[in-house]
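The values are calculated or read from the model by the stated rules, or taken from the named source; none is laboratory data. All of these numbers come straight from a predicted model, not from anything done at the bench. Cβ coordinates were reconstructed from backbone atoms using ideal geometry, including for glycine residues, and neighbour counts include every protein chain displayed. These area figures cover heavy atoms from the full protein model, side chains too; ligands, DNA and RNA do not enter into them. Shrake-Rupley method; radii C 1.70, N 1.55, O 1.52, S 1.80 Å.
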Number of protein chains: 2
Amino acid sequence: MSTRENLITQAALLLDKGGDAAVTLRAVAHAVGVSHNAPYRHFKDRNALLAAIAERDFRMLALAFEGTRLGDAEPIQRLKEALGLFIQYGRDYPARYRLLFSDPGIGAAGGSLEAAALKAFTAFAGLVEDAQSTGALPPTPTRELAGLIYATAHGLVDLQAGGRMREQKGLSAAEQGVALLLLLLGAS
Amino acid sequence: MSTRENLITQAALLLDKGGDAAVTLRAVAHAVGVSHNAPYRHFKDRNALLAAIAERDFRMLALAFEGTRLGDAEPIQRLKEALGLFIQYGRDYPARYRLLFSDPGIGAAGGSLEAAALKAFTAFAGLVEDAQSTGALPPTPTRELAGLIYATAHGLVDLQAGGRMREQKGLSAAEQGVALLLLLLGAS
DNA sequence: ATCCTTTGTTGACAGCGTCAACTTAGGAGA
DNA sequence: TCTCCTAAGTTGACGCTGTCAACAAAGGAT
């Protein structure tokens, strides 16, 4: 594995373990086994390293969505699966999740991060489109409806990660919220 | 005005102007005109100062929601007004908004911050309840429906603040998204 | 055989949060 | 009135951080 990839991996590990503040360039470099300035050969600055983590994870999200779309289940069921994955990702890796969706200062990274983020959303919109084609969701313009569901899922996950949403017994608040949204959208 | 309040005000100003990273204890102290260590007489550490900003703003949000509830317009219209205020707050003060809703490390603050956040949400739920009572929204349990709408608005604002949501012409994506949600919820 | 590019190193710097110790002002209690 | 305690503020120091500059080696292309 290249040093660059090692840096990204170890940085993500530190992020999961100790949150944003734990991702110090020196700690990452030490974890990889290089000097404290080696990361600068691969990343312009700390934000660029964080952006690389985000880009990698957005790509994985996109792949997960695309993979889900190919499943056997009913389209609306596949959409629910994808939303479940999304919520689980946010719950299991809250610091990483917030890096992808709520970190300022990462925006200045080259367009490749934005492209990866857009690709993930586009894959998600495909799932919504499939569900619409079976009448399980209203015929609202796909892009807007997908944006609405995406934003709702994000809002639920983010509020839950911040403790601003109480946990219910059994299902997480986010899972319940998404289920309610789909119910209200589909029952009409 | 007490030094403590001055510290909160200047910190919020710096936050608006330069984002989270600009809120350095030394810069805040300098802006107030005290030594670099004076803030420690009023706040345990940097996070405690940030939490104080968040608490103050949550209180203001709660007041805004409560005030809106007393308006003359139809309940569903008052709810839309409140959502408009919320979105505008997030758009005008994105760094502050993210402090309230997406900042880890603030959770460790005493329960008074959580209480203020809950009060804001409770006021919002009151608006939803009023709208339900006129049949403008489905009779889903109020707390869950309010949580859903709240989370959706938050998700839209947060995605927009992070640039992950394209701006439409005229209305912001968040305003459009909320309108679409209410339409889909109410048209059923 | 030479040279340039990539990758890595060491060393330094200012700025940060935080701790410790000292100073001062002002009110409570005698 | 004198004393003393507490709250508020100060100076100085510490280690850690991101980042810059200068140097070293290694390896393929010419």
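Using the basic label-point model (7 angstrom from Cα toward the beta carbon), what is the A:Asp16 to A:Thr134 distance in nanometres?
For A:Asp16 paired with A:Thr134, the spin-label model returns 3.3 nm.
Between B:Thr3 and B:Leu85, what is the spin-label point distance in nm, taking each point 7 Å from the Cα along the Cα→C-beta axis?
For B:Thr3 paired with B:Leu85, the spin-label model returns 3.5 nm.
Cα convex hull of segment B:1-43: how many Å³ per residue?
57
Suppose a student asked you for the relative contact order of chain B, using Cα pairs under 8 Å spaced at least 6 residues apart; what percent would you report?
The normalised contact order for chain B reaches 20 percent.
Give the nm distances, rounded to one decimal, from A:Gly18 to the matching residue in every other copy, measuring between label points 7 Å along Cα toward the beta carbon; shortest first.
Spacings between copies for this position, smallest first, are 2.5 nm.
Put a label point 7 Å from Cα along the Cβ direction on B:Gly163, then list its distances to the equivalent points in the other copies in nm, shortest first.
3.1
Taking only protein heavy atoms into account and a 1.4 Å probe, give the accessible area per residue of the protein assembly as shown in Å².
46
Place a label point 7 angstrom from the Cα of B:Met60 along the Cα-to-Cβ direction, then list the residues of segment B:80-101 whose backbone nitrogen is under 17 Å away.
Residues passing the 17 Å test: B:82-101.
Shortest first, in nm, what separates the label point of B:Arg91 from those of the same position in the other copies (7 Å along Cα→Cβ)?
3.4
Determine, at each q value in 0.10, 0.14, 0.19 (inverse angstroms), the log₁₀ of I(q)/I(0) that the Debye formula gives when each Cα of chain A is one equal point scatterer.
-0.45, -0.81, -1.24
Just report the Cα centroid separation between segment A:40-68 and segment B:137-182, whole Å.
The distance from the Cα centre of segment A:40-68 to that of segment B:137-182 comes to 26 Å.
Lysine pairs in the protein assembly as shown with alpha-carbon atoms under 21 Å apart, 8 or more places apart or on different chains: how many are there?
4
Excluding ligands, DNA and RNA, what is the accessible area buried between chains B and A, summed over both sides, using a 1.4 Å probe, to the nearest 100 Å²?
Using a 1.4 Å probe on protein heavy atoms, the buried area is about 2700 Å².
Express the carbon and sulfur contribution to the solvent-accessible surface of segment A:1-43 as a percent, rounded to the nearest whole number, probe 1.4 angstrom.
Of all accessible area on segment A:1-43, carbon and sulfur atoms account for 50 percent.
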